[in-house]
Amino acid sequence: MLLKACNIALLTAPLFLNAQHKERIKDIQEVELVKRKLEAFESRKLREVEGTSIFAAKKTEVVLMDLKLANKALNNPRQVFSQVSGVNVFDSNDGGLQLNIGGRGLNPNRSANFNTRQNGYDISADVLGYPESYYTPPAEALEEIQVVRGAASLQYGTQFGGLLNFKLKTPTKTQPLELISRNTYASFNTYTSFNALSGTVGKWSYYTFFNYKQGDGFQENSEYNARNFYVHLNYEITPQTSISTEFTRFNYLAHQPGGLTDFQFYQNPYQSNRARNWFKVDWNLWNVSLKHQFTPRAKLSLSGFGLGASRYSLGYRPSRVADVDYEGAIRDLITGDFKNWGVEARFLQQYGNKNHTFLVGGKYYKAQNSGKQGPGSTFSGADFNFDQTNKNYFFQSDYSYPNRNIAVFSENIFKLGASWSVVPGVRWEFIDTGADGAYQRVIEDNAGNVIYNKRFEEQEKRQRNFALLGLGVSYKPTKAFEFYTNLSQNYRSVTFSDIRVENNSQVIDPNIKDETGYTGDLGIRGNWKNTLSYDINMFGLWYNNRIDNVFRKREGLFSDVAKVRTNVGAAFIAGLESLVDVNINKLLLGNLQHWKWNLFFNTALTHSQYVKSEIPGIKGNRVEYVPKVNLKSGLNFGYRNFLGSLLFTYMSEQFTTATNEPTDKTDHLWGIRGSIPAYKLLDASFSYRITPNIRLETGVNNVLNEVYFTRRATGYPGPGIIPSAPRQYYFTLEMKL
């Protein structure tokens, strides 16, 4: 019996010791993470070469999410992007389900002016025809957020905003199973649950999460619920070759309280103007990637991706925001279905004694999308079915949108000595877009008799091919200092929403054109002794044929003021962007052990002007969504396992139309005309690690309870003023096993 017990002990001892060893490694990693959070900066710059991409001489910013202290459960963009220069945010009342950011005079709506990607592949509805992002990965699942400004147009797509890439967490390599569970309770009956599994077994590794959100919102009729599932599976064929596959599913249903007129907002900013408006999204993404390293200096990446998705909006949308919604009135239903796929290949080769780097790549993209608009139900619930019996609804349409895109691109880093780099690049694009369908307009008199009923058939096809050029220069004598400059061309094709009419108060200019221009940066950046991190640059953006809405009186049957979608003119936007992050503990306090004191200033001073326009009253005006001052300043502090963060945000007044209409607080009708007044906000977040496996987080957003708004929506979720959230609290418990 004793011998048997000894044998069992000998057999189980290695397992026990191995478990102890893994636990010890895990504890050491947690200690190192705490130390890193105390010492490191929250952001970094992309290296000259990462993977099969070239970032040399470009304006790049990377948010390190593990070091970011913020309301991650609700994807608070003000906090998450606090150290990304010049970012302008549309706040929302949907728990962070959609991300709305812009910058440098670009409309933040659904981040449509960025090429938005997840782990390097496209995730928007349609890269060319409808580049709006209805899906945003949860901040709790992110390792990094990578932002590359306008010079990204050569490698990633032609957008003026550049690249926005969400890099999700990767599988843990030290154990076969790791569980992270985060549960958050917040104001307005908000609850989120994020649960992730990760591990490595032999040559296989995996990372998966499920995220659930629900909340009532801070207005009546603004409840929502959402589900997000993601799985990543990787197989290492050899040390030089790996293949991975990913799948993402995201769906949510949101009740929308509607937009407000100016009078309504200043009377009660948190009232609801609509009780029967709903929005539903279903997003499905897949990806298969192959990575191969031929030699230490030659790499290949191949990525195939696809999307099957839909977005449905249902609600009462009269011409005037002030019109009262009532049970029994017909609701407008707009559906969009998106099916697209693509393949992108990249080959990167370093050559010569000075490590010159050559990159060549190509992309094929095909989409078959459709959109339909017509009468919805007259009830109050989320019924996304058309009323087939209502033939005289005032506006109906049914379209298909076939798109095709072929692109070839190349960049090269030429090393001139030890410090200088010259980076030329080129991208050739073939774009084939179309619209095939019809719309119907119906007008009734006050007695309900049809006085106008006409169906308009349309079949439009646009093909274009062109080349974009760019050049960058970098001088980096030390890690503490780098001078960089670049100039690249940009292009934005006309989208579905630019050329499709959605209501009787809207008109599309039949001669609307694609937008063209270029972006330039000139700056200095560096990291001095891990004490001072800085990136200070001047930028310029030239924007031809800028598309926007202008209001004009029209004659005929409608005889009212219409919102006309047209090319407003040419605009020039220039400014100074500066991010300075100082480790006060090292600089002034003698590097006190276990302490963290960091102070940062993120400032954007921007001038914008329409320099050319054929429309009266436009030339000389400021460009929409360009605050002259965009300031974010923060203090990050901590001692041992306790961390805290204070963030101050100031945004000066910005206009929402090219005509620069001022705010009229007595406006009882529209809510879509006028400026966005200046606002200032304070956010606070705190974290305490109780044990290596348990952490508490809490915080307050909008500490001073500022009453403000960031958006005048011309469509959903309005139209009208979309109020921003009052003071709200959150509490998060994280457990790791």
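The values are calculated or read from the model by the stated rules, or taken from the named source; none is laboratory data. These figures come from a predicted structure and were not determined experimentally. Every residue, glycine among them, receives a Cβ derived from its backbone with ideal geometry; neighbour counts consider all protein chains shown.
Side notes on the structure shown:
- Subset of segment 624-652 that is without any contact (Cβ under 8 Å) to a residue 40 or more places away in the chain and of a type in the set (Ser, Thr, Tyr) - its residue that is nearest to Thr531 (Cα to Cα): Ser633
- Scanning segment 499-506 for any residue that is touching a Ser or Thr at 6+ places or on another chain (Cβ under 6 Å), crowded, with 19+ Cβ neighbours inside 10 Å and at pLDDT 95 or above turns up nothing.
- Qualifying residue in segment 44-65 (condition: within 19 Å of Tyr730 (Cβ to Cβ) and either modelled with pLDDT of 60 or more or small (Gly, Ala, Ser) (or both)): yes
- In segment 180-206, of all residues being touching a residue at least 60 places away in the same chain (Cβ under 8 Å) and of a type in the set (A, V, I, L, M, F, W, C), the one that is surrounded by the fewest Cβ atoms within 10 Å (Cβ to Cβ) corresponds to Phe188.
- Condition check for Lys366: at negative phi and out of contact with any Lys or Arg (no Cβ under 9 Å at 6 or more places or on another chain): no
- Selection over segment 126-145 of residues that are more than 11 Å from the chain's Cα centre (by Cα) and at pLDDT 95 or above gives a count of 7.
- Here Asn107, Asn71 are screened, and the one residue that is polar (S, T, N, Q), at negative phi and over 15 Å from the mean Cα position of the chain (by Cα) is Asn71.
- Residue check, Ala345 in a strand (DSSP E or B), crowded, with 20+ Cβ neighbours inside 10 Å and modelled with pLDDT of 95 or more: no
- Condition check for Pro176: more than 10 Å from the chain's Cα centre (by Cα), free of Cβ contacts under 8 Å to residues at least 60 places away in the same chain and either more than 22 Å from Asp94 (Cβ to Cβ) or surrounded by fewer than 24 Cβ atoms within 10 Å (Cβ to Cβ) (or both): yes
- For the condition polar (S, T, N, Q), in contact with a Phe, Trp or Tyr (Cβ under 9 Å, 6 or more places away or on another chain), surrounded by 17 or more Cβ atoms within 10 Å (Cβ to Cβ) and at pLDDT 95 or above, Asn234 qualifies.
- Counted residues, segment 662-694 - those being among the acidic types (Asp, Glu) and more than 25 Å from Arg622 (Cα to Cα): 1
- Qualifying position, being without any contact (Cβ under 8 Å) to a residue 24 or more places away in the chain and within 30 Å of Val49 (Cα to Cα), among Asn353, Asn340, Asn405: Asn353
- One residue alone among Ser205, Ser193 is over 30 Å from Asn107 (Cα atoms) and in contact with a Pro (Cβ under 8 Å, 6 or more places away or on another chain), and that residue is Ser205.
- Residue in segment 537-549 that is more than 30 Å from Leu522 (Cα to Cα) and either modelled with pLDDT under 90 or surrounded by fewer than 15 Cβ atoms within 10 Å (Cβ to Cβ) (or both) present: yes
- Positions within segment 225-244 being among the polar types (S, T, N, Q), closer than 24 Å to Leu302 by Cα and not in a loop (DSSP other than H, G, I, E, B), in sequence order: Asn234, Thr238, Thr241, Ser242, Ser244
- Strands (runs of 3 or more DSSP E) completely within segment 55-141 that count 2 or more residues being free of Cβ contacts under 8 Å to residues at least 60 places away in the same chain, farther than 20 Å from Thr606 by Cβ and not charged (D, E, K, R): 115-118
- Verdict on Ala19 being modelled with pLDDT of 90 or more, not polar (S, T, N, Q) and not in a strand (DSSP E or B): no
- Within segment 594-626, the set of residues being crowded, with 22+ Cβ neighbours inside 10 Å and under 22 Å from the mean Cα position of the chain (by Cα) comprises Asn602, Ala604, Thr606, Val623, Glu624, Tyr625, Val626.
- Here Glu706 fulfils each of the conditions (1) in a strand (DSSP E or B); (2) closer than 17 Å to Tyr650 by Cα apart from (1).
Per-residue answers, yes or no, for (1) assigned to a loop (DSSP other than H, G, I, E, B); (2) among the aliphatic types (A, V, I, L, M):
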site	(1), (2)
Arg249	no, no
Pro269	yes, no
Ala275	yes, yes
Val288	no, yes
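- Subset of segment 403-434 that is under 20 Å from Arg462 (Cα atoms) and of a type in the set (Lys, Arg) - its residue that is surrounded by the fewest Cβ atoms within 10 Å (Cβ to Cβ): Arg404
- Test: residue in segment 207-224 that is farther than 29 Å from Ala186 by Cβ, assigned to a strand (DSSP E or B), in contact with a Ser or Thr (Cβ under 9 Å, 6 or more places away or on another chain) and touching a residue at least 24 places away in the same chain (Cβ under 8 Å): no
- Extreme residue, surrounded by the fewest Cβ atoms within 10 Å (Cβ to Cβ), among residues of segment 678-737 that are more than 22 Å from Pro269 (Cβ to Cβ), in contact (Cβ under 8 Å) with a residue 12 or more places away in the chain and among the hydroxyl-bearing types (Ser, Thr, Tyr): Tyr688
- Evaluation of Asp282 against (1) assigned to a strand (DSSP E or B); (2) without any contact (Cβ under 8 Å) to a residue 60 or more places away in the chain; (3) more than 20 Å from the chain's Cα centre (by Cα) (one fails), failing number: (3)
- Filter pass, Asp323 being assigned to a strand (DSSP E or B) and surrounded by fewer than 20 Cβ atoms within 10 Å (Cβ to Cβ): no
- Qualifying positions in segment 387-402 - surrounded by fewer than 17 Cβ atoms within 10 Å (Cβ to Cβ) and either acidic (Asp, Glu) or closer than 23 Å to Gln368 by Cβ (or both): Asp387, Asp398, Ser400, Pro402
- Count - residues of segment 305-319 that are surrounded by 17 or more Cβ atoms within 10 Å (Cβ to Cβ) and over 30 Å from Thr245 (Cα atoms): 6
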